[in-house]
Every structure is written in C-alpha cells, then in structure tokens.
Amino acid sequence: MKFQTRNIDIITSLKIMNEHYQSLNKEGEDVIQGLTQSPKTLPQKYFYDDYGSELFEQICELPEYYLTRTEAGILHKYADEIAQITGACELVELGSGNSTKTLFLLDAYQKFASSCRYIPIDISGGILKSSVIKLQQKYPAFFIGGLIGTYQQALIKLESTFTQSRMIFFLGSSLGNFNLQECDDLLRQITRTLQVGDYFLLGIDLQKPKEILEQAYNDSQGVTAAFDLNILSHLNWRFQGNFDLNLFTPQVIYNQTNAQIETYLHCQKSHKVSLEALDLQVLFADGESILTQISRKFDLGIMQKQLETYGFKTLKTWTDPKEWFGLVLCQA
C-alpha cells in the first residue's frame, strides 16, 4: 500500500491538534501548582516554545553535549538492523524536534518498504510543521503527518485501529526528564497505544563520571543557560507574565545519589512575579530556587528489567564503543 498526503493535510492536522493542546492547557494548572509549592518547580515542557526548540537544536551541536552525536552514531550503524527486525511498520516518534536523527531510520525503512507512515509528535508547532513539510518532500512515497501536544495527548489521538504494525520510538534519553511517577504514566500510555507484537525503541543516556555530565549541561558558550532561562520567557508570553530574566541565574548539578542532572534557576533578590492570565502572583525570596528539569541517567540492564514490568520483551540492545549511550528495541 502506498501512502500519500499533501502539505494542506499536514497543516490541517497540525492546526487541529494545536487547538486541542491549547484548550487542555489554557489554565496552566501545572504552572500554578509548581510555583505555589515549596520548593518551587516548573514542568520541563515549557522549555519548548519555538525559540526554546531552536536553542535545544543548537545545544545538540555543542562539543560538550555528547548525547546527540553519540546516539546518532548508533543509529547510523544499526538503523538497517532495526528495520530488518521490525519489518515495515508505522513509525511514531515522541519528541521529534527537527527529526535529524530520524533520517537514519527513515532511510533504513525506505530500503525495506516502498512506503511508510511516519508520525512525529512534538510540543513545538513551528519546528514540527517545518520539519514535516521538508520530510514530505524528501520522502514523497511516505505518509508524514505531525501531531502537536504533550506525548500523552498525542498518543491518545493515534488511531488504535490502524492495521499495520507500529513502532513507537523515544530518542535522546528524554525519558530521563520524567520523574518516576511521570515515567510510569508515560510507559503505561505507550503500552495502551501498542498492540501485541508492536515495537518500542528507547534511547537512554547511561551513567558516567560527574564531570562529563555536568559539562554536557553547562556549555562554555552559554547556549544551555539561554535555554534554561527561556522557560521564563515562555511563561511571560503564554500567561502574560513579568518574569525578569536578569534576576535569575541557571545552575546545573549532578545528583549522584539519584543519578540525575538537576537544573535550577536561582533568584538573585526578593521580588514578586505576576502571571495575569493565571491570576497568579508569586513571591520569590532572595536565594530561592526553581527546579526546572531533571535528566536521569540509566543502567542498561536495570532498564531492560523495568521494561519487562510493562510487558516489553527486549529483542536487542546497542551501545557506542564507550558505552555512554544505549538503544533498547523491545516488543509488546
């Protein structure tokens, strides 16, 4: 079967999903909850407006940020093997960004199937729309249609009645940005989206020395710091806020006990912030911090055992020569 689509179809599906996303999040209840608790937190999804997504793509090119190029090297080497194991299937990517690494997979599946369905999911509509249109031009025989929203929202929108087998893939070790409860919720949602025999490909950043990890999240050019502060800019325009970015300083630490990177924004002096669209005023004390992101680091063997508890059987794993990063291909 040959899948075809037009750009107008892509734009329409993006628009519909974007309206759905905005309607579910217009109150910003997660922001209110995070900023009124102690210690204060913010959901990491608010890093990713269009500008934040552009900054993250710049981070992926930095010399300190080994994750992207290491995972890309694994995909370049083993994408054909992955495609051979799964055969032709619908490809669904969580957190696709500009889909750069995905090209290795799309090229591999193009060798084994005359057509393919690729469904990228991302919270940033601008970068998703541009990448979908470019990919449709590059792979005219493929059906490519993006979904804007959180992972859970987009997974619910996927057609459960699609007859072709499916592979959901989650690259970049983005699973590490979820705490244990959020991780459990997402993996359960993924299992509900897959049928018996479908596939799940997961990329995870493996545990390594503290110095390497902290450098990766605190680059010498300051791009990561700009990305960290952009979460406040996003809140300003989305919720009519008045965060002064000059009053906050980013800090990244590696929590060895929990094996996770933690990103904080430290307040430099006492002041009040208003978010008019949320009818919210927040007092910040001098030296108070907001936890904006975690990035957990994994043990490959332990992760395989955890995936078994969600009904996934590991078919194969791949790592780079340094064993800094891992890919796990499993089957429901």
Item to check | Unit Cα scatterers, Debye sum, the chain: log10 I(q)/I(0) for q = 0.07, 0.09, 0.10, 0.12 Å⁻¹ | outcome: -0.29, -0.48, -0.59, -0.86
Next on the checklist: Students often forget the sequence filter, so: which aspartates and glutamates lie under 19 Å Cα-Cα from K322 once same-chain residues fewer than 8 apart are removed?
Outcome noted: E64, E71, D205, E211, E214, D299
Item to check | Burial order of peptide ranges 138-145, 199-206 (average beta-carbon count within 10 Å, highest first) | outcome: 199-206, 138-145
Item to check | Residue-averaged 222 nm ellipticity for the chain, from DSSP H runs of 4+ at -39500 (n - 2.57), nearest 500 | outcome: -13000 deg cm²/dmol
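For the stretch 267-332, what does the equivalent ellipsoid look like in terms of its semi-axes, each the square root of 5 times an eigenvalue of the Cα gyration tensor, given largest first in whole Å? Present the calculation step by step, with values, prior to reporting the outcome.
Working: eigenvalues 380, 57, 18 Å².
They are 44, 17, 10 Å, listed from largest to smallest.
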Checklist entry - Just how far, in whole angstrom, is the stretch 117-169 from the stretch 254-271 if you go by their alpha carbon centroids? => result 34
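For the stretch 40-114, state which GluC sites (Glu not before Pro) are in a DSSP loop and have at most 13 other beta carbons lying within 10 Å of their beta carbon.
Working: sites: E54, E57, E61, E64, E71, E81, E90, E93; in loops: E61, E64.
Hits after loop and neighbour filter: E61.
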Item to check | Principal-axis tilt of helix 7-25 within the chain, Cα atoms, nearest 10 degrees | outcome: 40
Checklist entry - Arranged from highest to lowest average of other beta-carbon atoms within 10 Å per residue, in what order do the peptides 225-236, 275-286 appear? => result 225-236, 275-286
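Leaving out ligands and nucleic acids, and using a 1.4 Å probe, what accessible area per residue does the stretch 86-139 come to in Å²?
Details: 1730 Å² over 54 residues.
I get 32 Å² per residue for this part.
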Checklist entry - Shape call for the stretch 181-293 from the C-alpha gyration tensor, a ≥ b ≥ c root eigenvalues: rounded (a/c under 1.5), prolate (a/b greater than b/c) or oblate? => result oblate
Next on the checklist: Can you tell me which lysines have their Cα less than 17 Å from the Cα of K316? Leave out same-chain residues fewer than eight positions away.
Outcome noted: K77, K305
Checklist entry - Nearest 10 degrees, 0 to 90: what angle lies between the long axis of helix 180-193 and the longest principal axis of the chain (Cα atoms)? => result 30
Checklist entry - Excluding same-chain residues fewer than 8 positions from K138, which aspartates and glutamates have a Cα within less than 12 Å of its Cα? => result D107
Checklist entry - Which whole-Hz couplings ³J(HN,Hα) result when phi for each residue of the stretch 207-214 is put into the Karplus expression 6.51 cos²θ - 1.76 cosθ + 1.60, θ = phi - 60°, listed in order with x for Gly and Pro? => result 5, 7, x, 3, 4, 5, 5, 5
Item to check | Rg/Rg_globular for the stretch 47-115, with Rg_globular taken as 2.2 N^0.38 Å and Rg from C-alpha atoms | outcome: 1.25
Next on the checklist: Quick check: net charge around P39, other residues with Cβ under 14 Å of its Cβ, Lys/Arg +1 and Asp/Glu -1?
Outcome noted: -1
Checklist outcome for this item: Taking Cα atoms only, helix 223-239 is inclined relative to the longest principal axis of the chain by an angle, in degrees rounded to 10, of 80
Item to check | Whole-angstrom gap from the stretch 27-73 to the stretch 230-248, using each part's C-alpha centre | outcome: 14
Checklist outcome for this item: Of all chymotrypsin sites (Phe, Trp or Tyr not before Pro) in the stretch 230-263, the ones in DSSP coil with at most 14 other Cβ atoms within 10 Å are none
Checklist entry - Cα centroids of the stretch 173-211 and the stretch 318-332: how far apart, whole angstrom? => result 13
Checklist entry - For the cross-link pairs K45/K297; K157/K297; K111/K297, which exceed 24 Å when the distance is taken from alpha carbon to alpha carbon? => result K157/K297; K111/K297
Next on the checklist: Could you work out what % of the accessible surface of the chain is carbon and sulfur, using a 1.4 angstrom probe and leaving DNA, RNA and ligands out of the count?
Outcome noted: 49
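The values are calculated or read from the model by the stated rules, or taken from the named source; none is laboratory data. These numbers were taken from a predicted model, which means no experiment stands behind them. Cβ: placed from backbone, ideal geometry, glycine included. Neighbour counts: every protein chain shown. The accessibility values were calculated without ligands, DNA or RNA, using every heavy atom of the protein model including side chains. Shrake-Rupley method; radii C 1.70, N 1.55, O 1.52, S 1.80 Å.
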